[in-house]
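Shown next, in structure tokens, is the structure this report addresses.
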Amino acid sequence: MTAASAIDTTKADATAPDEPRIRLDHNVHPAATIGFLAVLLAGLAYAGTSIVLDTQRVGEPLAIGAFLFLGLALVIALGFEFVNGFHDTANAVATVIYTHSLKPVFAVVWSGTWNFIGVLVSTGAVAYSIITLLPVDLILNVGSAGGYAMIFALLIAAVVWNLGTWLLGLPNSSSHALIGSVLGVGVANQWLASGAGPTAGVEWGQAESVLLALLVSPVIGFVGAMLLLWAMKRVLPDRRLYEEPKSDQPPPIHIRALLVFTCTAVSFAHGSNDGQKGMGLIMLILIGVAPTAYALNRTMPDSSTPAFVQTASVAQGVFRAKAAGETIAPRQAHAVLQQALRTRRTDAPQVYAALDTVSGEIVNDLKSYGSLRKVPAAQTKNVRNEMYLVYDTVRLMTEKEDAAAARFPDGGAKALTAYQHLLEKGTRYIPTWVKIAVALSLGLGTMIGWKRIVVTVGEKIGKAHLTYGMGAAAELIAASTILLAQFKGMPVSTTHILSSGVAGTMVADGAGLQRSTIRNIALAWIMTLPAAM
């Protein structure tokens, strides 16, 4: 069969499998249900206890009303990660369950464990790349009514869309839905501001980068998996690798080991990338309700303060040299930096003067208090906002290394990069308990909703059932692509990459694609952004 006929989806889907060839309806032991509920309650108790201890440690315990409000917000945020498990983590276990390489219960526990590890070792770069899409004024005032409305609106919109597509069994992307809801909040903020606010609207420069990653990654999944399966057939001639699963029998041990490895890789990669997407929003919630405990990284040791002050002072010298003698008062400096972030125009004397002024305030605060850990509650929000404004402005200035080196010669670019890293460390951190809570939510979600996605991935994308080799090729490419995106700090969709990879292997195998499923997945992909917005 030629490649052209392989991708021909205009024929009737008569050869498409109508009924699942594998048995997914296993009886659930009562002990498993009890264990599920016990882990769920333990996770919620752990999160609540961590919040109480964190706020007491800084001498600002929450009132009962604020604690209950925070609990509601966190339940919704963790609910997003729970639903994320329906879609994205289910893709990681689809091949090992479908091929009987692992029993379903063990597979989801195994996948959840590696998701957990992936979340724990994640840097937080992906989490904050999504946060950067939000309007600057809402980020700076996240504790306001508008800030809370923003967070609730985008989370609920993403959860509702994810649940709807899950009920249809479509491998929709939780990442896509979340980014769509974030952009929707930005557009709504623009309308409500009526153009009056200089920071209203969406940070479209960052949005273009994020959307490009979401657009290109499925193409990489499709082409990469297609080429990998083609190469495997020439390098690994074992015919059993390219057979469909038979009844309930596991594959040969070496094939089984390969599929378990690819499941592990996708699970780890998923945790390191997708697991971060809700963490940034959780941090915004925590900063809004309990800024004293979470707005600044109070775990930074006092011994780091002299180096921070020295680095900031060097950066001030760079700003002052570019300001051409211009000076700006502190209040005006904040407005100038907000405008620069909105327009992404940072190469102006007044912007450099504003950076010099605000950096001077940060240095004075650190000298006065001794460290970030000792910043008093009344000043925490102000110090955090100052550091955020300077960090994001410097990030724009230095994001292209060659341009930054030409713009700031004689070591200036290197000095600004060092300053940026310290500002990031001081404000963009994620407590361990947040990572653990997110990892538990992902894993528990997988245990509830994996069956629908397993059948779609295994039997409804192509006109043939998924073979062992197809599953291995699709998952290897998916894991590699996700880990590369994690390294670059870009959010991508496990669902889109893996389902595209399965489609690519079907084409490489000459099996063809099911028109109805491909159409539904494509419609879900196209409609997710505007629907979530």
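The values are calculated or read from the model by the stated rules, or taken from the named source; none is laboratory data. These numbers come from a predicted model, not from an experiment. FYI the Cβ positions are ideal-geometry reconstructions off the backbone, even for glycines, and counts take in every protein chain you see.
Based on this model, can you work out whether residue 365 counts as in the same structural domain as residue 316 (by TED's automatic domain parsing), more than 14 Å from residue 293 (Cα to Cα) and surrounded by fewer than 21 Cβ atoms within 10 Å (Cβ to Cβ)?
Yes.
Kindly provide the set of residues from the stretch 260-276 that are touching an Asp or Glu at 6+ places or on another chain (Cβ under 8 Å) and surrounded by 24 or more Cβ atoms within 10 Å (Cβ to Cβ), ordered by number.
Filtering the stretch 260-276 down to residues touching an Asp or Glu at 6+ places or on another chain (Cβ under 8 Å) leaves 262-263, 265-266, 270, 274-275.
If the condition is that a residue be touching an Asp or Glu at 6+ places or on another chain (Cβ under 8 Å) and surrounded by 24 or more Cβ atoms within 10 Å (Cβ to Cβ), then 263, 266, 270, 274, 275 are the ones that fit.
Every residue in the stretch 311-327 that is surrounded by fewer than 18 Cβ atoms within 10 Å (Cβ to Cβ), of a type in the set (Gly, Ala, Ser) and in a helix (DSSP H, G or I), please. First the steps, then the outcome.
Filtering the stretch 311-327 down to residues surrounded by fewer than 18 Cβ atoms within 10 Å (Cβ to Cβ) leaves 313-314, 317, 321, 324-327.
From the residues that got through so far, the ones that are of a type in the set (Gly, Ala, Ser) too are 313, 317, 321, 324-325.
Of everything in the stretch 311-327, those that are surrounded by fewer than 18 Cβ atoms within 10 Å (Cβ to Cβ), of a type in the set (Gly, Ala, Ser) and in a helix (DSSP H, G or I) turn out to be 313, 317, 321.
So, residue 305, is that one touching a residue at least 24 places away in the same chain (Cβ under 8 Å), in a helix (DSSP H, G or I), touching a Gly at 6+ places or on another chain (Cβ under 7 Å) and farther than 30 Å from residue 440 by Cα or not?
yes
Condition first: farther than 22 Å from residue 93 by Cα and among the acidic types (Asp, Glu). Now tell me which residues in the stretch 208-261 satisfy that.
Hits for the stretch 208-261 are 208, 238.
What residue, among those in the stretch 444-480 that are farther than 19 Å from residue 101 by Cβ and in contact with a Gly (Cβ under 6 Å, 6 or more places away or on another chain), is modelled with the highest pLDDT?
Ranking the qualifying residues of the stretch 444-480, first place goes to 445.
Tally the residues that are more than 12 Å from residue 359 (Cα to Cα) and buried (at least 16 other Cβ atoms within 10 Å of the Cβ), restricting the search to the stretch 329-339.
Result for the stretch 329-339: 3.
Can you find a residue that is closer than 14 Å to residue 469 by Cα, modelled with pLDDT of 85 or more, of a type in the set (S, T, N, Q) and under 31 Å from the mean Cα position of the chain (by Cα) anywhere in the stretch 267-280? Spell out the reasoning first.
Filtering the stretch 267-280 down to residues closer than 14 Å to residue 469 by Cα leaves none.
No, the stretch 267-280 contains no residue that is closer than 14 Å to residue 469 by Cα, modelled with pLDDT of 85 or more, of a type in the set (S, T, N, Q) and under 31 Å from the mean Cα position of the chain (by Cα).
Among 84, 141, which is the only one that is polar (S, T, N, Q) and over 28 Å from residue 483 (Cα atoms)?
Within the list 84, 141, the selection yields 141.
When the stretch 380-409 is examined, which residues are found to be within 18 Å of residue 336 (Cβ to Cβ) and among the hydrophobic types (A, V, I, L, M, F, W, C)?
Of the residues in the stretch 380-409, the ones within 18 Å of residue 336 (Cβ to Cβ) are 382, 385-397.
Listed by number, the residues that qualify are 387, 389, 390, 394, 396, 397.
Any idea which of 126, 119, 142, 160 is without any contact (Cβ under 8 Å) to a residue 24 or more places away in the chain and not small (Gly, Ala, Ser)?
160
Given the criterion of a type in the set (Gly, Ala, Ser), more than 21 Å from the chain's Cα centre (by Cα), under 20 Å from residue 278 (Cβ atoms) and part of a helix (DSSP H, G or I), identify the matching residue among 92, 42.
Of 92, 42, the one residue that is of a type in the set (Gly, Ala, Ser), more than 21 Å from the chain's Cα centre (by Cα), under 20 Å from residue 278 (Cβ atoms) and part of a helix (DSSP H, G or I) is 42.
Take residue 333 and decide whether it is assigned to a helix (DSSP H, G or I), in contact with a Ser or Thr (Cβ under 8 Å, 6 or more places away or on another chain) and farther than 17 Å from residue 416 by Cα.
yes
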